[in-house]
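Everything below concerns the one structure shown next.
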Amino acid sequence: MPPGVYPGLEFGGPHGDYYSDVDLVKSGQKVLSINLRTSERVDAVILTIVDSAGEESTLHHGGGGGALKTPLALAEGEYITTMEAHSGKHKGHTRIKYIKFSTNKKNFIEGGTPTKNIGTDVAKDGYQLGGFYGRSGDELDQVRALWSSIKPVVPKTY
């Protein structure tokens, strides 16, 4: 993991293709917005970030089905600090059926169908959602947050 980035808890199942934002997530980056594609299940998560050099990237994981939600645009000083994911079976595979992202300003975006298999991951103080890794195909099969330091972390040199 890059300095100032740590992996969160894993939710969902072992199906779909592996994806990872590890090479893109850096401490000190800014999240501009988050969006979802959902219907009965979670089709995709979409995160737009800007790195410390001002380069914008859109991280899209999952498929193109479901309805595109209205994006949650983050205000200055607003950070995504909580991810709640519900999983369940679909055609014999464990999938993410519902997901909710909440900010330190109590705003949120959610979609899908809640289940009783609920997992919640909360960032450590001074950290925010910076990206993801997990597994996906046409839908989100597995999701894990990459939490990044809000302030830039400079690696120590000896």
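Numbers for the structure displayed
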read-out: Three-way shape call for region 1-53 based on the alpha-carbon gyration tensor, with the a/c threshold at 1.5; value: oblate
read-out: Vicinal HN-Hα couplings computed from phi for region 37-52 (Karplus, 6.51 cos²θ - 1.76 cosθ + 1.60; Hz; Gly/Pro x); value: 10, 9, 8, 5, 10, 8, 7, 7, 10, 9, 10, 10, 10, 10, 7, 5
read-out: Relative contact order (%) - criterion: Cα under 8 Å, at least six apart; region: the chain; value: 35
read-out: Region 125-138 - phi-based ³J(HN,Hα) in whole Hz, Karplus 6.51/-1.76/1.60, Gly and Pro as x; value: 3, x, 10, 9, 5, x, x, 9, 8, x, 9, 7, x, 6
read-out: Net charge, HIS60 excluded, C-beta distance under 12 Å - Lys, Arg +1, Asp, Glu -1; value: -1
read-out: Counted charge near PHE101, where neighbours are those whose Cβ lies closer than 10 Å (Asp, Glu -1; Lys, Arg +1); value: -1
read-out: Neighbour net charge for GLY16 - beta-carbon separation under 11 angstrom, K R +1, D E -1; value: -2
read-out: Normalised alpha carbon radius of gyration of region 87-158 [divisor 2.2 N^0.38 Å]; value: 1.38
read-out: In the chain, lysine pairs with alpha-carbon atoms under 14 angstrom apart (chain gap of 8 or more, or interchain); value: 7
read-out: Anisotropy class of region 116-157 from Cα gyration tensor, a/c 1.5 cut; value: oblate
read-out: Residue-wise HN-Hα coupling along region 56-70, computed from phi with Karplus coefficients 6.51, -1.76, 1.60 (Hz; x: Gly, Pro); value: 8, 9, 10, 9, 10, 10, x, x, x, x, x, 8, 6, 6, 6
read-out: Order of GLU10, GLU139, GLU55, GLU76 - criterion: other Cβ atoms within 10 Å of each residue's Cβ, fewest first; value: GLU76, GLU55, GLU10, GLU139
read-out: Translational diffusion coefficient (Stokes-Einstein; Kirkwood radius from C-alpha pairs) of region 5-149 at 20 °C, 1.002 mPa s, in µm²/s; value: 145
read-out: Simple label model, 7 Å out from Cα along Cβ direction - ASP23 to ASN107, nm; value: 3.1
read-out: Taking LYS124, LYS156 and counting other C-beta atoms within 10 Å, the order from fewest to most; value: LYS156, LYS124
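A short reminder: the numbers here are calculations on the coordinates, not readings from a lab. Given the structure is predicted, the values throughout are model-derived calculations rather than measurements. Don't worry about glycine lacking a Cβ; one is built from the backbone with ideal geometry, like all the others, and counts go over all protein chains shown.
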